[in-house]
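Here is the structure we will look at, set down as structure tokens.
The values are calculated or read from the model by the stated rules, or taken from the named source; none is laboratory data. None of the values given here were measured: they were computed from a predicted structure. A quick note on method: Cβ atoms are made from the backbone with ideal geometry, for glycine too, and the neighbour counts reach across all protein chains shown.
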Amino acid sequence: MKNYIFYPLHEKSCPGNVHFSTGILISSDIETVWDNVCKAENIKKYFTTDAKNNLDNEGEVLWAWGEEAAIIRVLEVTPYEKIVFEWNAMNVDYKTKAEFTFEDVKGKIKVKIKETGWEMNEAGVKSAFANCSGWTEFLNALKVFIEYKITLISK
């Protein structure tokens, strides 16, 4: 793995009450969806340009997009049900908390992402909207990759 531009995790954690949720239904089994969300070898097939460590283990994970990367600290894992992690929010000096949940809904897997902790100010709201957009793109890329074997990103 090469050297990436990234910032260590901020000390300040989730100080605000601005949050969002986004989700999608995927026609697949829970094991396939889980592995494609969690495993570094899979995530870099459809969302990142590189990844180190898996999301289904507590500890640090690195996701990279080109030269820039993000450190993710996995806090909680309930296999096939939930992943909770924190990471630096964009363009602010604190971390936010993201929670992924997985639920079988009539044979399809509902993946929901909730991210919390932005401060109610211009920088916080802009950062929250940017992350909501990013997670929506993630979910769309995941769905298309699993259901149609199509990768939307260019490497």
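Just wondering, is there one or more residues in the range 16-25 that are at pLDDT 95 or above, more than 14 Å from the chain's Cα centre (by Cα), among the hydroxyl-bearing types (Ser, Thr, Tyr) and surrounded by fewer than 18 Cβ atoms within 10 Å (Cβ to Cβ)?
no
Could you list, in sequence order, the residues of the range 1-22 that are in contact with a helix residue (DSSP H, G or I) (Cβ under 7 Å, 6 or more places away or on another chain) and either of a type outside the set (Val, Ile, Thr) or more than 20 Å from residue 55 (Cα to Cα) (or both)?
16, 18, 20
Yes or no: residue 77 at negative phi, surrounded by 15 or more Cβ atoms within 10 Å (Cβ to Cβ) and either in contact (Cβ under 8 Å) with a residue 40 or more places away in the chain or touching a strand residue (DSSP E or B) at 6+ places or on another chain (Cβ under 9 Å) (or both)?
Spelling it out, residue 77 is indeed at negative phi, surrounded by 15 or more Cβ atoms within 10 Å (Cβ to Cβ) and either in contact (Cβ under 8 Å) with a residue 40 or more places away in the chain or touching a strand residue (DSSP E or B) at 6+ places or on another chain (Cβ under 9 Å) (or both).
Identify, from the list 82, 39, the residue that is surrounded by 14 or more Cβ atoms within 10 Å (Cβ to Cβ), under 23 Å from residue 116 (Cβ atoms) and modelled with pLDDT of 95 or more.
Residue meeting the stated conditions: 82.
I'm told residue 51 meets every condition in (1) surrounded by fewer than 17 Cβ atoms within 10 Å (Cβ to Cβ); (2) modelled with pLDDT of 95 or more except one. Can you identify the failing condition by its number?
So the condition that residue 51 fails would be (1).
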